[in-house]
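Asks: Can you keep this structure in mind? I'll have questions shortly.
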Amino acid sequence: MKNLVTTKHVLLIAYVATNCSIALGHNAGDVGSATPGHLKDSNNMPVVNTVGECWHLGATAASPDCAVKPAPVSEAPIPGPVASAPSAPPPPIKQTVNLQGDALFDFDKATLRQAHISELDEAIDRVRKGGVSTQAIEIVGHTDSIGTPSYNDKLSLRRAQAVKDYMVAKGVDPDKIKVEAKGEREPVADNKTKEGRSKNRRVHVVFTGQESVKQ
């Protein structure tokens, strides 16, 4: 009966095992795997003797059927491919064409002069051949200060509309064209002089688009 473990011996061994776990055959941080019925410390570590046998509570002898398992090592997940951020679209490009009213229209008229239409044709060709995909066209009519403001608003609108009609006849998408009348409200020169009034009679065309990307 010399192998019988007494309660006093068990408590003494448990105390020593709890405070001296490294000396009893395991490392700090290991996951305890003591099976039921075996002596273990507060970390569930099996208590072994000097020859590596586990102490079985209530048994007449130690048994080697328990072991210390190392802490599992979690594998870091393999990072997946990083999606590249979409490239920002290029900023819109604006091309502005100022058409002098005296060259395009007779005085107080909104009918285009065919003999002086070449400037408008050149503007359309520049946009088509300039590597720009046109998204919007704004046509703004302006007048001098002769006449009432209400009359000048209507005249500037008719002249802007005449330019639009011509561009549509040349194949430009009408849904991309917006017309606006400014009348005499935005002069670029002095309306008190003949030269100044001539400069104020104009049609302002703004082409907005994106630069065409070559594949």
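The values are calculated or read from the model by the stated rules, or taken from the named source; none is laboratory data. Note that the structure is predicted; figures quoted are calculated from it, not measured. Here the Cβ is made from the backbone with ideal geometry for all residues, glycine too, and neighbour counts use every protein chain on show.
Asks: Any residue at all in region 153-169 that's polar (S, T, N, Q) and in contact with a His (Cβ under 8 Å, 6 or more places away or on another chain)? Step through it out loud before you land on a result.
Replies: Let us first name the residues in region 153-169 that are polar (S, T, N, Q), namely 156, 161.
Add one more test, that the residue is in contact with a His (Cβ under 8 Å, 6 or more places away or on another chain), and what stays is 156.
Yes - at least one qualifying residue is present in region 153-169.
Asks: Let me ask something additional. Regarding region 63-74, can at least one residue be identified that is at pLDDT 70 or above, surrounded by 12 or more Cβ atoms within 10 Å (Cβ to Cβ) and outside any loop (DSSP other than H, G, I, E, B)?
Replies: Among the residues of region 63-74, not one is at pLDDT 70 or above, surrounded by 12 or more Cβ atoms within 10 Å (Cβ to Cβ) and outside any loop (DSSP other than H, G, I, E, B), which makes the answer no.
Asks: Also, I was wondering about something else. Among the residues that make up region 190-206, is at least one of them farther than 12 Å from GLY101 by Cβ, surrounded by 14 or more Cβ atoms within 10 Å (Cβ to Cβ) and touching a residue at least 60 places away in the same chain (Cβ under 8 Å)?
Replies: Looking for residues that are farther than 12 Å from GLY101 by Cβ, surrounded by 14 or more Cβ atoms within 10 Å (Cβ to Cβ) and touching a residue at least 60 places away in the same chain (Cβ under 8 Å), one finds at least one in region 190-206, hence yes.
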